[in-house]
Ligand code: 13P
Ligand code: SF4
């Protein structure tokens, strides 16, 4: 089968595995949740495809006994914390996240000790033990609202993504916000001049850009000056899907991981989408395959759990994230 990300699985094999996956899903009372960066075949098999916030909200409300998380480790951990009575499976236990790895528990504890009384806001791309030391979790979909909900006089420690943090700081005008210098290897790799190059190449296109992108920072002042009327729209992956559907424009440059192109094209067949970089692919997201999804359901693996004492401490911060949007 050909997809936006190249051939992955032969059609007859895909059909056979798909039938078995539906059968196993029914037997295990399972729901399949997939992130917008997953390969097309996984997105097409999933019960729900979305961004980090949407996936957490779906996990929190599903009546299914088993959640198969087609995404990365921190997402499955978040679902396990939100749903302690459910069985959360991740088809490849090595599917990690370079951004989540950019801060350790010790580093956060030391940072907190330097700023006693500060409110800790952690992006959802963090480990469960970081979330346990956090007051509010956020996603790219609600980071602005979360920061705006914190009283003006409270100092904020925002982690771990420096580019998301800079965007939130600019948009909210927050002065007392300290930002951790972490980054995602995929989004940080776009050269700063790439936006101008792409705008020249596709002058009529709207540019959809994820706030994790390193190339965004030099443009923030321009975007704010233009007060939303700019050709450049900053959004979470789900925000991009919504914007592409509602925009009067029919051509877009997309600055995020290429997995999102599948949904953008499928849901907007008359519109054109150009990736800002064709090799902008997250190796962790691409570890989930139809074969290992099938295996996860067949073998009931890999079961993601979080120790009770960590889950209990992380839960309040995650509940806040799921309820503020
Ligand atoms: P969202 O889908 O929440 O925008 O997040 C992007 C991401 O990098 C997830 O790892
Ligand atoms: Fe993590 Fe970046 Fe991959 Fe998202 S794209 S899962 S932030 S490494």
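Could you tell me whether region 140-149 includes any residue that is within 30 Å of residue 292 (Cα to Cα) and at pLDDT below 95? Within region 140-149, one or more residues are within 30 Å of residue 292 (Cα to Cα) and at pLDDT below 95. Residues that are part of a helix (DSSP H, G or I) and within 13 Å of ligand 2 (Cβ to nearest atom) within region 272-292 comprise 285, 286, 287, listed in sequence order. Screening region 65-163 for helices (runs of 4 or more DSSP H) wholly inside it with 1 or more residues that are surrounded by 24 or more Cβ atoms within 10 Å (Cβ to Cβ) returns the ranges 73-82, 128-131, 143-148.
Can you say whether residue 57 is within 16 Å of ligand 1 (Cβ to nearest atom), surrounded by fewer than 22 Cβ atoms within 10 Å (Cβ to Cβ) and outside the structural domain of residue 259 (by TED's automatic domain parsing), as far as the supplied structure shows? Considered against the rule, which asks whether it is within 16 Å of ligand 1 (Cβ to nearest atom), surrounded by fewer than 22 Cβ atoms within 10 Å (Cβ to Cβ) and outside the structural domain of residue 259 (by TED's automatic domain parsing), residue 57 comes out as yes. On inspection, residue 306 fails the criterion of being closer than 16 Å to residue 43 by Cβ and either loosely packed, with under 15 Cβ neighbours inside 10 Å or over 19 Å from the mean Cα position of the chain (by Cα) (or both). Would you confirm, using the coordinates I've provided, whether residue 43 is touching a strand residue (DSSP E or B) at 6+ places or on another chain (Cβ under 6 Å), within 12 Å of ligand 1 (Cβ to nearest atom) and either more than 22 Å from residue 143 (Cβ to Cβ) or assigned by TED's automatic domain parsing to the domain that holds residue 161 (or both)? Judged against the criteria, residue 43 is not a match. Within region 219-232, none of the residues are within 16 Å of the chain's Cα centre (by Cα) and in contact (Cβ under 8 Å) with a residue 24 or more places away in the chain.
The values are calculated or read from the model by the stated rules, or taken from the named source; none is laboratory data. Everything numeric here is computed off the predicted structure, so don't read it as measured data. Because the Cβ atoms are built from the backbone with ideal geometry, glycine has one as well, and the counts that use them run over all protein chains shown.
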